[in-house]
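The values are calculated or read from the model by the stated rules, or taken from the named source; none is laboratory data. For clarity, every value in this text was computed on a predicted model and none was experimentally measured. With ideal geometry, Cβ positions are generated from the backbone for all residues, glycine too; neighbour counts draw on all protein chains shown. The accessibility values were calculated without ligands, DNA or RNA, using every heavy atom of the protein model including side chains. Shrake-Rupley method; radii C 1.70, N 1.55, O 1.52, S 1.80 Å.
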Amino acid sequence: MKARFLLPLFFILTSAQGADLPPPDAYGLAGMEVDVDKLIEFNVSQMKADGDFIAMEQVSGIDSGKLERGYRHAMKSCFDKYERMTEENAEALSDCFIDQTAEGVGASREQFNAWLDELDSQDGENPDAIEALDMEMDKIHDAIFALQDKPELTQSEQEQLADLEQQLIELGEKQHKLQLEEAEAMAAEMEAIYKRK
């Protein structure tokens with residue numbers, strides 16, 4: 001379900017209600033209110049596109065339709081309870097979301113968290129495109145640092161260092177492009193979620 005990602009997404013979206021984290025002006029959302037139904041539909045459509053309900057079904061043995069209904073109920077219930085996301089209520093909102101989803105699918109909080117941990121582990125083994133680039137860039141950074149730590153470089157090592165630095169630049173540009181595309185897609189969805197007061 002990738003709930004570890006979706007919970008922060010939920011917090012970011014609800015923050016436009018006048019919260020402290022992050023300030024609404026950072027997203028150009030000041031003076032707007034959330035269309036809760038569209039917010040829920042956005043999250044559910046993202047999860048369906050990513051195969052999250054199917055992944056959770058495989059881990060939990062609970063039908064994906066029941067998981068989706070539990071998720072929808074939790075979002076609606078917790079959003080109504082915590083209209084504003086602040087530093088003070090962030091943990092309470094997270095707890096509400098997990099508790100309500102677990103209750104909605106007939107599981108204990110502990111069991112639901114165990115399923116989420118299993119999915120987190122699986123996600124770590126199958127990173128998305130941006131995460132994969134991060135991992136690749138980390139390896140290149142390590143190789144660059146290892147070369148730079150040497151007191152003296154051979155001609156071959158200098159060429160290798162230059163090649164690694166070029167690879168890093170190219171991967172950084174590719175990552176930036178993917179992040180922009182993701183942000184643009186998110187902005188388009190948020191236009192439908194938020195409405196002027």
**OP:** Quick one: which residues, 5 or more positions from Asp35 or on another chain, have an amide H under 5 Å from its amide H? H modelled 1.01 Å from N in the peptide plane, none for Pro or chain starts.
**Re:** Tyr194, Lys195
Original post:
How much of Lys177 can a 1.4 Å solvent probe reach, expressed as accessible area in Å² and rounded to 10?
Top reply: 130 Å²
Subject >> Phe97 accessible area, 1.4 Å probe, all protein chains in place, Å² to nearest 10 >> reply: 10 Å²
Original post:
How far, in nm, would the chain grow between Gln58 and Gln158 when pulled straight, counting 0.36 nm per residue and subtracting the alpha carbon separation?
Top reply: 31.1 nm
Original post:
Going from most exposed to least, what order do Leu93, Leu178 have by accessible area with a 1.4 Å probe?
Top reply: Leu178, Leu93
**OP:** Taking the Cβ of Lys66 as the centre, find all other residues whose Cβ is under 13 Å away and add up their charges (Lys, Arg: +1; Asp, Glu: -1).
**Re:** -2
**OP:** Convert each backbone phi in segment 130-139 into a coupling constant with the Karplus relation 6.51 cos²θ - 1.76 cosθ + 1.60 (shift: θ = phi - 60°), then list the ³J(HN,Hα) values in order as whole Hz, x for Gly and Pro.
**Re:** 5, 5, 4, 5, 4, 5, 5, 5, 4, 5
